[in-house]
Amino acid sequence: MKRWWKEAVVYQIYTKSFYDTNGDGIGDIRGIIEKLDYIQALGVTVIYLNPIYRSPDVDNGYDISDFRDINERYGTLEDFKELLAEVHRRGMRLIMDMVVNHTSDEHPWFQESRKSKDNPYRNYYYWRPGKNGKEPNNWGNYFYEGRGSAWEYDETTGEYYLHNYSRKMPDLNWGCEAVKEDMCRMMRWWLDMGVDGFRMDAVNRLVKPEGLPDSPNPPAPPVGIHGYVVDRTMCANRPGIHELLHEINEKVFSRYDIMVVGETGNVDAALAIDYVQEERREIDMVFHFEIAKNPTPGNALTFKDAQKRWYHVIEQHGWTTQYLSNHDTPRQVSQFGNDREYRYESATMLAALMHTHPGTVFIYQGEEIGMTNVDFPSIEYYNERYTVGKYYTMVESGVDPKTALDSLKGMSRDNDRTPMQWSGAENGRFTTGTPWMHVNPNYPEINVEREETLEKSVLRFYRRLTALRRENPVMVYGSYRQLLEEDAELIVYEREYEGVCWLIICNYYSNEREFPQSVAERLKAGQARLLLGNYDVTDGGERIRPYEARIYDILL
Ligand code: NOJ
């Protein structure tokens, strides 16, 4: 079925690192307003904002202390309303990150909850007595914070509370009816204001396992030194989660024309169908981790296999997302491409892959100019809690500090959080002040202003891709069929819709090759019209160069 959110090109903004207009070194809402023309010119139809609610900011806004107000570092609610109006005026839409698995420990609910065992808000969170003088179970927190437990002892009542992430982010108890009601009311409040949907944080973790049992999975050394088990499967996809999401859909989502994308770690295509199948009425699509967090980057076979399985979700009346990076991942050109000799070629090839595979496309800020990973010299430069927590846990368990840092750098979430590089001026003109986080030192070479002038411009390639998507429904609604399925280097596939057939050929590697016979014949027959490519194709085009991407219209 046709839906606006299937056709969308979404641009993800990490406000803190996007554009600072008041010189305090932190991006802000007015900065987004100033850059709306840039975003629109990119061909974006939906903006997705990481959390901008009031927050002590221990996890860059995923720790919310007031769901109905804006972080004062980013601006005011009035600024936000102006942004929303400006986005709508341009014919775009805006979705917000909705963090409902936990709150900040500074949220008034939690402040109440910790006061006494019979406080009316006690049941909003998971409070448990200790077991044999220790925590209620062996769960470790995902950030490797402190000694590693997912439980924090609170002296006021002599009990522990559960926090799967930071101790400053207690987990909400969705088994409590009042939590459900308060959260649904809050979500409707944003939607009534005109927001066009949500990205639901950790949405498959809202239901915890009955009885909160120990995790049976032993920790892999060298982490887990204190015996706590970081096991992200414990709270994922538990019985009751689908009933809960269906209920939220009935009470909230179904009442508006919105899009809802769930962040779901530990969900493969087979599990996903139960979340996104239209008839089930839960959520519209998920961010799965089967490609962007793939442990074997550069492996075209893994990529192809995952795409095939996720296309099957679409065939069963579901939908999916196409993204290679976000604020929790490294930069895609560094992880999947080659950010040195072939930065332009590989950044554009990866973009071609995302935009021509079936699913809603998500661009993460800076990706459209080919921003790369950063190589900071010491742990003090790093900010995000997972990298920092894991580093100290490793060092404490005896790992040499340099080895620990080197092992974490490549995957650190800070790679994608360095400030946006707008120009070659100091600090990439992200701010006129001191940036809250070091700017990637390659900003004189990689920045928006320069991209506008280059012949080989990643930015312009993105604009051409989004324009193609706007004009050609085959890119959204077309069927998907892979060719050369066993080829580990070339990714070749056809999309077909209402008599239109496209053939897409991408080289996932840095070597040059002849086309396999079958593809060469197809092209030679003179029936193919090249719509877009990241190299000039002057001769017969029978050789495919490093990270080359071509999109052909095949005349049927
Ligand atoms: C997933 C978010 O994407 C990540 O940035 C955050 O740290 C956790 N959820 C906790 O909210």
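Can you name every residue in the stretch 30-56 that is in contact with an Asp or Glu (Cβ under 8 Å, 6 or more places away or on another chain), open to solvent by 20 Å² or more (accessible area, probe 1.4 Å) and either part of a helix (DSSP H, G or I) or within 15 Å of the ligand (Cβ to nearest atom) (or both)?
Arg30, Ile33, Pro56
List the strands (runs of 3 or more DSSP E) inside the stretch 117-233, counting only whole elements, that have at least 2 residues being on the phi > 0 side of the Ramachandran plot, at pLDDT 95 or above and among the small types (Gly, Ala, Ser).
In the stretch 117-233, there are no strands (runs of 3 or more DSSP E) which contain 2 or more residues that are on the phi > 0 side of the Ramachandran plot, at pLDDT 95 or above and among the small types (Gly, Ala, Ser).
For the stretch 318-366, which residues satisfy the criterion of being small (Gly, Ala, Ser) and open to solvent by 10 Å² or more (accessible area, probe 1.4 Å)?
Within the stretch 318-366, Ser334, Gly337 qualify.
Tell me the residue from Tyr121, Tyr74 that is under 16 Å from Arg54 (Cβ atoms) and either of a type in the set (Ser, Thr, Tyr) or within 16 Å of the ligand (Cβ to nearest atom) (or both), please.
Tyr74
Take the stretch 510-538 and flag every residue that is open to solvent by less than 30 Å² (accessible area, probe 1.4 Å) and assigned to a helix (DSSP H, G or I).
Across the stretch 510-538, the qualifying residues are Val519, Ala520, Leu523.
Give me the residue from the stretch 232-266 that is within 16 Å of the ligand (Cβ to nearest atom) and charged (D, E, K, R) and, out of that set, surrounded by the most Cβ atoms within 10 Å (Cβ to Cβ).
In this case the residue turns out to be Glu263.
Looking only at the stretch 141-197, count every residue that is polar (S, T, N, Q) and under 17 Å from Tyr53 (Cβ atoms) and tell me the total.
1
What are the pairs with Cβ atoms under 6 angstrom where one residue, in the stretch 426-449, is at positive phi and the other, located anywhere, is of a type in the set (Ser, Thr, Tyr) and outside any helix (DSSP H, G or I)? Sequence gap at least six, or different chains.
Final answer for the pair search is Gly428/Tyr443; Arg429/Ser423.
Which members of the stretch 168-214 meet the condition of being basic (Lys, Arg) and crowded, with 16+ Cβ neighbours inside 10 Å?
Here is the first cut: in the stretch 168-214, the residues basic (Lys, Arg) are 168, 180, 185, 188, 199, 205, 208.
Matches in the stretch 168-214: Lys168, Lys180, Arg199, Arg205, Lys208.
Could you say whether any residue in the stretch 314-327 is β-branched (Val, Ile, Thr) and over 17 Å from the mean Cα position of the chain (by Cα)?
Yes, the conditions are met somewhere in the stretch 314-327.
The values are calculated or read from the model by the stated rules, or taken from the named source; none is laboratory data. Predicted model, so just to flag it, every value in this text is computed and none were measured. Quick reminder, even Gly has a Cβ in these numbers, built from the backbone with ideal geometry, and neighbours come from all protein chains shown. These accessible areas exclude ligands, DNA and RNA; they are computed on the full protein's heavy atoms, side chains included. Shrake-Rupley method; radii C 1.70, N 1.55, O 1.52, S 1.80 Å.
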